[in-house]
Amino acid sequence: MSMLVGIIGAGPAGLLLGRLLHLAGIDAVVFESRGREHVEQRQRAGILEQATVDTLRRAGAADRLEREGLPHDGIDLVFDGSAHRVDFFDTTGSRVWIYAQTEVVKDLIALRIADDLPLLFDTPVSGVSDVDGRPVVHHGDRTLACDYVVGCDGFHGVARSLVPGTGFERSFPHSWLGIMAEAPPMHHELVYAHSPRGFALASMRSPSVSRMYLQVPNGTDPTHWPDDRIWAELTARFGDHRPNPGPITAKSVLPMRAWVSPTLRHGNLFLAGDAGHIVPPTGAKGLNLAAADVTLLAAAFTHLHDTGSLALLDAYSDTSLRRVWRAEQFSHFMTTTLHVAPDQTDFDTHLQLARLRQITTSRAAATSFAEEYTGIAAG
């Protein structure tokens with residue numbers, strides 16, 4: 001059967017969905033409110049789960065990832081001033097990759113353009129009508145009638161506002177100060193630090209570029225953090241590890257919040273990625289949940305296209321939300337275990353340390369942790 005899917009948003013979710021639908025012989029139009037240059041420069045997540053990498057491979061979108069991505073078989077957890085490694089590959093056979101979301105987006109855009117498929121930059125969508133029938137996408141003074149519409153346009157996009165319900169939300173009493181630095185990473189794998197001074201995370205974008213984060217109070221102005229202060233605070237929080245100071249090229253403050261829509265479907269309009277759910281970044285789940293959403297959706301549309309059955313499409317919201325809530329739970333655990341709350345007591349701190357010691361001394365606990373970190377199955 002013929003089918004046309006309108007996709008709102010040319011982030012990783014929308015572009016990956018468009019790629020998967022194209023490979024299944026399903027037509028799609030991707031709308032993006034911003035220009036290509038802006039989309040390809042947005043700094044976002046950088047950790048890809050095993051399942052996300054596998055999907056990109058199946059989609060023929062992993063050539064550069066294979067060459068430039070940095071596979072990580074584990075992480076270091078720092079607490080009590082000392083580093084403790086958690087080996088993912090030894091316990092689960094899975095790993096994660098460092099490959100920036102910006103690079104995933106560039107790869108998918110290049111493929112869509114090479115295939116001469118509709119990708120409309122600088123085309124804001126103002127609304128979607130007739131969502132209970134054959135939805136119509138309104139963009140500027142033009143419209144496009146589709147069989148289905150998928151909103152991949154984020155929390156502030158038009159798609160989310162069309163789905164009934166306010167959702168479930170939780171805010172956290174701290175933010176992250178994130179930096180990009182022209183400096184070699186301090187360690188060959190990611191480092192998560194629990195410190196009396198607050199949380200810190202050391203990641204990377206390449207062998208010569210470090211991406212690092214510090215827990216800071218909500219409302220922090222990054223201009224109040226000169227470079228010397230940042231490097232001194234990173235050094236103080238990382239215990240056995242020592243960062244390699246270098247020129248800081250970017251600073252930003254990222255609030256911590258969680259939000260889940262009560263449903264990812266309204267009529268023939270579907271939500272995917274941040275349009276349907278937000279996780280605090282501590283668990284590295286945001287981009288990977290978006291990829292999981294559109295993998296499910298692509299399979300559902302393909303099943304409908306090939307068989308005429310709506311079974312998978314009708315199950316999409318419930319199936320996806322099971323995975324989302326597990327990811328929310330893991331991200332909440334990571335956030336509350338590694339950060340120092342403003343009203344934290346010594347009792348609270350000892351509970352955090354007890355959990356971290358369990359993960360790093362019990363193979364069963366380490367395996368459970370690694371399974372959650374490297375990829376959460378639906379169910």
task: Output the Cα-based Rg and Dmax of the range 259-379 in Å, rounding Rg to one decimal and Dmax to a whole number.
output: 17.6, 59
Relative intensity, log₁₀ I(q)/I(0), of the chain from a Debye sum that treats every alpha carbon as a point, q = 0.10, 0.12, 0.15 Å⁻¹: -0.64, -0.92, -1.35
query: Can you run phi through the Karplus equation (6.51, -1.76, 1.60; θ = phi - 60°) for the range 355-363 and list ³J(HN,Hα) in whole Hz, with x for Gly and Pro?
result: 5, 5, 5, 4, 4, 8, 10, 10, 5
- line: One finds the C-alpha centres of the range 7-81 and the range 162-216 to be spaced, in Å, by 19 Å
query: Per the Cauchy relation, a quarter of the hull surface: what is the mean projected area of the convex hull of the alpha carbons in the range 186-227, in nm²?
result: 3.8 nm²
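Just subtract the alpha-carbon distance of Thr235 and Trp325 from 0.36 nm times their residue separation and send over the number in nm, one decimal. Display every interim value, and only then the final one.
Details: separation 90, 0.36 × 90 = 32.40 nm, distance 3.45 nm.
Contour length minus Cα-Cα distance gives 28.9 nm.
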- request: For the range 286-327 and the range 108-127, write down the distance between their C-alpha centroids in whole Å.
  value: 22 Å
message: Please report the antiparallel percentage of the DSSP beta bridges confined to the chain, to the nearest 5.
response: 75 percent
Largest-first principal axis extents of the Cα set of the range 180-327 (Å): 61, 32, 25
task: Please state, rounded to one decimal and in Å, the Kirkwood hydrodynamic radius that the range 128-198 gives when every pair of distinct Cα atoms enters the mean of 1/r.
output: 17.3 Å
statement: In whole percent, the Cα-Cα distances of the range 132-249 spread across 5 Å bins from 0 upward as 2, 9, 16, 15, 11, 8, 8, 9, 10, 7, 4, 1
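Where the eigenvalues come from the Cα gyration tensor of the range 57-109, what are the semi-axes √(5λ) of the equivalent ellipsoid, largest first, in whole Å? The partial results should precede the final answer.
On the way: eigenvalues 164, 37, 10 Å².
Calculated on Cα positions only, the semi-axes equal 29, 14, 7 Å.
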message: Test of understanding: extend the Cα→C-beta vector of Arg85 to 7 Å, then name every residue of the range 176-206 with backbone N under 16 Å from that spot.
response: 186-192
- prompt: Once label points are set 7 Å from the Cα along Cα→Cβ at both Asp122 and Arg67, what is their separation, rounded to one decimal in nm?
  reply: 3.0 nm
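Evaluate 2.2 N^0.38 Å with N set to the residue count of the range 1-100, then give the Cα radius of gyration divided by it. Display every interim value, and only then the final one.
On the way: Rg = 17.5 Å, N = 100, 2.2 N^0.38 = 12.7 Å.
So the Cα radius of gyration is 1.38 times the expected 2.2 N^0.38 Å.
Read-outs: derived from the displayed coordinates by stated rules, not from any lab. Everything numeric in this text was worked out from a predicted model, so none of it was measured. Note that each Cβ is placed from the backbone with ideal geometry, even for glycine, and that neighbours are counted across all protein chains shown.
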